[in-house]
1. Along the Cα-to-C-beta direction of GLU193, a point sits 7 Å from the Cα; which residues of the range 141-178 have their amide N less than 11 Å from that point?
2. Report the net charge of residues surrounding LEU103, where surrounding means a beta-carbon distance below 14 angstrom and charges are Lys +1, Arg +1, Asp -1, Glu -1.
3. Among DSSP beta bridges whose residues both lie in the chain, state the antiparallel percentage, nearest 5.
4. Taking 0.36 nm per residue of sequence separation and subtracting the Cα-Cα distance, how much length would be gained by fully extending the chain between LYS226 and ILE100, in nm to one decimal?
5. First select every other residue whose beta carbon is under 12 angstrom from the beta carbon of ALA40; then total the charges, Lys and Arg +1, Asp and Glu -1.
6. Report the percentage of all Cα-Cα pairs in the range 78-230 whose separation exceeds 19 Å, rounded to a whole percent.
7. Within the chain, what's the longest run with no trypsin sites (Lys or Arg not before Pro) in a DSSP loop and at most 12 other beta-carbon atoms within 10 Å? Give the range, please.
8. In terms of the Cα gyration tensor, with a ≥ b ≥ c the square roots of its eigenvalues, is the range 168-230 rounded because a/c is under 1.5, prolate because a/b exceeds b/c, or oblate?
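Values in this text are rule-based calculations from the coordinates and carry no lab data. For clarity, every value in this text was computed on a predicted model and none was experimentally measured. Reconstructed Cβ throughout: ideal geometry from the backbone, glycine too, with neighbour counts over all protein chains shown.
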Amino acid sequence: MDKEVVISARELVKTFGTKNNKVNAVDGVSLEVYKGEMVAITGQSGSGKSTLLNLLGGLDKPDSGRIIALDEDITAIKDSRLAEYRRRRSGFVFQFYNLIPVLNVEENIALPLNLDGKNADKAELERLLKLLGLEERRYHYANQLSGGQQQRVSIGRAIINKPPCIFADEPTGNLDSKNSREIISLFKQIIKEYGTTIVLVTHDGSIAAEADRVITMSDGKIISEKVRAF
């Protein structure tokens, strides 16, 4: 059976700077991402991996090229529609957890729903807290949590809308090796539970090796692609 394509990118170009300072951060990149897989984008600093992630997630638009994500051309829609797409159909996890300090764990996780005028389903929130291992921390604030726990909250916030795709930029960058492994294990559980597709950027080879597919970039181009043997 053919894999279901959730993101198809063609000839993406993103340039920063002008004239002598011009840098092709993403230079003619084409790729496809399939439903339910974890894709790691790796490469040295400045290789273009985070820029590519931002394009695929709709956080930025390419100078040229096309991205069809979840049957929608996100390179052609208006900014207001793109913001709605990001809010409802994508989840984002970053190296810095970006939690709201005056909100507790439950409130931080439910924030995307609240911003969309909705309330979290209590049973679903309970299920998610259990998956995250945060049942006993639900009323704690960010300054009462470890780094690993804070990242779990940010992952809960990313998945609360049950988006088809999650985009994670260096999600283990501030964590020790134990917590890093736990975050990747959590990503795998989320894929199993929700059928989510996860695209992550990492400079850590051991983290990338846990992905179903590893895409390596250099100077804005994809230089290799490796599928993990099962």
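1. Under cut-off, by backbone N: 156-157, 159-160.
2. +1
3. 55 percent
4. Answer, rounded to one decimal: 41.6 nm.
5. Every neighbour counted, the sum reads -3.
6. Distances greater than 19 Å cover 55 percent of the Cα pairs.
7. 119-230
8. oblate
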